[in-house]
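Visitor: One structure follows; several queries about it will come next.
Only the coordinates and a few stated rules stand behind these numbers; no lab work does. What you see is a predicted model; the values in this text were computed from it and never measured. Counting neighbours? That spans all protein chains shown, and the Cβs are built from the backbone with ideal geometry, glycine included.
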Amino acid sequence: MQSLILTTTTRLLAALLLMFSVYALLRGHNLPGGGFIGGLIGATGFILYTIATSEVEARRALRVDPSNIAVVGLGIAGLAGLSAGLAGEPFFTGQWLFLFAEDGGKGLPLSTVLVFDIGVYLAVFGGILTLVFALEEEI
């Protein structure tokens, strides 16, 4: 038996957890947080949704196989590390790009550190959900 109150509340809570996970991801390379904790928080939202509804409904809401998300995340994190080689730096040395910089002023800073954090976020998010969905199928 599914509770309407539990299902509705979980949808709201899952959305809030996903938004907070993106916040933790984006502030992580300057302050505590980052890809790992953001991925865990985001996966927690889908885990709650899985408990409230079912594994099938959670997979339908996710729309992508979580193992594919994990593999893409690993690829993005690896590319962030390899990008330092293009600049002649050691592996995983942070590289910065300033968009919209005018006359020596600082523009919008983008870094390979953030790209690496996004890769870790996706790898953790997809890995945890792959594990949880596999366990849920066994029950």
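Visitor: Mind checking the dipole of the chain: about its Cα centre, +1 per Lys or Arg Cβ, -1 per Asp or Glu Cβ, Debye to the nearest 20?
Guide: Magnitude of the dipole: close to 240 debye.
Visitor: What's the angle, to the nearest 10 degrees (0 to 90), between helix 66-86's Cα axis and the longest principal axis of the chain?
Guide: So the inclination is approximately 10 degrees.
Visitor: Tell me which label goes with the value of Kirkwood radius over Cα pairs in Å computed from the coordinates here: (1) 16.4; (2) 14.9; (3) 15.5.
Guide: Only one listed value fits the structure, namely (1).
Visitor: Nearest 10 degrees is fine. How inclined is helix 4-27 to the longest principal axis of the chain, computing both from alpha carbons?
Guide: Rounded to the nearest ten degrees, it is 10.
Visitor: Can you list which of the GluC sites (Glu not before Pro) found in region 62-139 are DSSP loop residues with at most 16 other C-beta atoms within 10 Å?
Guide: GLU102
Visitor: Counting only trypsin sites (Lys or Arg not before Pro) that are in a DSSP loop and have at most 12 other C-beta atoms within 10 Å, tell me the longest site-free stretch of the chain.
Guide: 1-62
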